[in-house]
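So the structure is just underneath, and the comments pick up after that.
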Amino acid sequence: MPSPTFVACLECDLLHRHTPLPHGGEARCTRCGARLYRCAPPDANERALAFALTACVLFVIANVYPIVGLEVQGMHNSATLIGAVESLWDDGARMVAALVFVTTILVPAVELIGLTWVLVALRQGARGRGAVPILHFIESVKPWGMVEVFLLGVLVSLVKLAHIATVEPGVALFSFGALMAFIAAAASAFDPDAAWTQLDATP
Amino acid sequence: MNAAPTAARSGLLACEVCRLVSRAPPQGSDAHCPRCGAKLHARKPASLARTWAFLIAAMILYIPANVLPIMDTSSLFGSQRDTILSGVMFLWSSGSFVLAMLIFFASIMVPLAKMIALAILAGSVQMHSARHRRARTRLYRAIEFVGRWSMLDIYVVTILVALVQVSTFASIHAGPGAAAFGAVVVLTMFAATSFDPRLIWDTQGEAS
Ligand SMILES: [Zn+2]
Ligand SMILES: [Zn+2]
């Protein structure tokens, strides 16, 4: 039934024959230019796991410590991300609070834990409990993780506040910066084709 | 010339999750990917209708998102209600040109451009246009990439509300515009994911 010899472009549906690529090579659709597949190095998913584990640690730090502190006339105020979501919620902006929570905490957490879980399962050569639905799920929620946009938002608010108060960037701000880099590194190292092939082979 | 060999014309279905290409089952039965179990369809179901529905809802909410204040600031010097545009103008007049431009682009231009682009994409598919297919596919890719950045102002408001609280020298509250604006971002993202770029190439197979 399945024909692994063919690959279809997801953006224009053109069929291509699956041909082997040189290392680091990338196949693009001949009609619309969309990326079809690439030839990842054999240790791609090992590296993705290392990046994902680092990102998990950074995620915890980024959520525990304050992102920014503010000092005005001797009064000090600082906010963690979850604290910021809470004050929005208490302020009555519940929809906005929910949106911020989902895009900066929930989705990145689900994505990181899910990816780590799947990569560990693959490493152990087993299918792993629920690896297939997890991989499926993290692919579908991916567009909703917006750590990099959030980081820019924090920087913009720092500049805005710097006019009226003394702002101190917190530990979490730097963690968020690093988190953004490691999420991107894990995502680009991750080789889904190898993962699916392996999951397919282990019944 | 022959029609381009697409999966649909060859009786094959490509999985949108794991990319496996498999043979389409006989008409009428539901297809599932033999590898990952995802539901298979040749094209996203009701793509144009769903795209238009989300897009029109986003266009309607774009008005309150820009007219209603997204932030209320009250301090010893009085209170101020800021819409997105008045916030940008305030930044501009206080000399923060880069910041003003950044927020202007992310909050006003990006959602607007995204809605116009989606309308062009959906409209051109509906009119069976065969022109500029590659450019239209690129436009779709750009929309998906750039759309998320319009969340910027939502995050700025979040941080400002959290840090500047009642007990200190001033207080900042999120205004109703923020919810409308967040809804615009979410709706345009749903509109973009509902649109199936393969429809751009479906109109015919012989030309170009
Ligand atoms: Zn293509
Ligand atoms: Zn599949």
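Brief remarks follow.
- Each Lys or Arg adds one and each Asp or Glu subtracts one; over the other residues with Cβ under 14 Å from the Cβ of residue A:25, this totals 0.
- Per-residue SASA remark: residue A:160, around 50 Å² accessible (1.4 Å probe; ligands, DNA and RNA not included).
- Cα-based helix-to-principal-axis angle, A:44-64 vs chain A, degrees rounded to 10: 20
- Cα-centre dipole for the protein assembly as shown with unit charges at Cβ (Lys and Arg positive, Asp and Glu negative), debye to 20: 1480
- Most to least accessible of A:94, A:38, B:133, B:81 (protein chains only, probe 1.4 Å): B:81, A:94, A:38, B:133
- Three-way shape label, the range B:1-42, alpha-carbon gyration tensor, a/c 1.5: oblate
- Gaussian network model of chain A, springs between alpha carbon atoms under 10 Å - residue of A:187, A:52, A:84 with greatest fluctuation: A:84
- For chain B, the longest principal axis of the Cα atoms and the long axis of helix B:47-67 meet at an angle of about 10 degrees.
- Taken along the Cα-to-beta-carbon direction at a fixed 7 Å, the label points for residue A:142 and residue B:203 span 3.0 nm.
- Interface size A-B, as summed buried accessible area [1.4 Å probe, Å², nearest 100]: 5900
- Where no second cysteine Cβ lies under 4.7 Å, the cysteines concerned in the protein assembly as shown: A:39, A:56
- Angle in degrees between helix B:152-163 and the longest Cα principal axis of chain B, rounded to the nearest 10: 40
- By the rule of a C-alpha distance below 15 Å, with chain neighbours fewer than 8 residues away ignored, the aspartates and glutamates paired with residue B:39 are A:139, B:16, B:30.
- Within-15-Å neighbourhood charge of residue B:136 [Cβ basis; K, R +1; D, E -1]: +3
- Full extension of the chain between residue A:60 and residue A:35 yields a length gain of 5.7 nm, computed as 0.36 nm times the residue separation minus the alpha carbon distance.
- Pairwise FRET efficiency - residue A:178 versus residue B:141, Cβ, R0 = 30 Å, nearest 0.05: 0.60
- Ligands, DNA and RNA excluded, the heavy atoms of residue A:6 present near 60 Å² of accessible surface to a 1.4 Å solvent probe.
- Among the chymotrypsin sites (Phe, Trp or Tyr not before Pro) in the range A:11-64, none sits in a DSSP loop with a Cβ that has at most 15 other Cβ atoms within 10 Å.
- About the centre of its Cα atoms, the range B:47-202 shows a dipole size close to 740 debye [charges on the beta carbon of Lys, Arg (+1) and Asp, Glu (-1) only; nearest 20 debye].
- Highest-fluctuation residue, B:156, B:17, B:146 considered, GNM on chain B with Cα pairs under 10 Å: B:17
- For residue B:189, solvent-accessible area (1.4 Å; no DNA, RNA or ligand), Å²: 20
- A 1.4 Å probe run over the protein chains yields, for the range B:91-184, 40 Å² of accessible area per residue, whole-number rounding.
- Note on the range A:42-201: with neighbouring protein chains present and a 1.4 Å probe, carbon and sulfur make up 67 percent of its accessible heavy-atom surface.
- 5 angstrom amide H check on residue A:68, placed H, neighbours 5+ away: A:79, A:170
The values are calculated or read from the model by the stated rules, or taken from the named source; none is laboratory data. Because the structure is predicted, anything quoted here is derived from the model rather than measured. Reconstructed Cβ throughout: ideal geometry from the backbone, glycine too, with neighbour counts over all protein chains shown. Areas reflect the complete protein model, heavy atoms only, side chains present, ligands, DNA and RNA absent. Shrake-Rupley method; radii C 1.70, N 1.55, O 1.52, S 1.80 Å.
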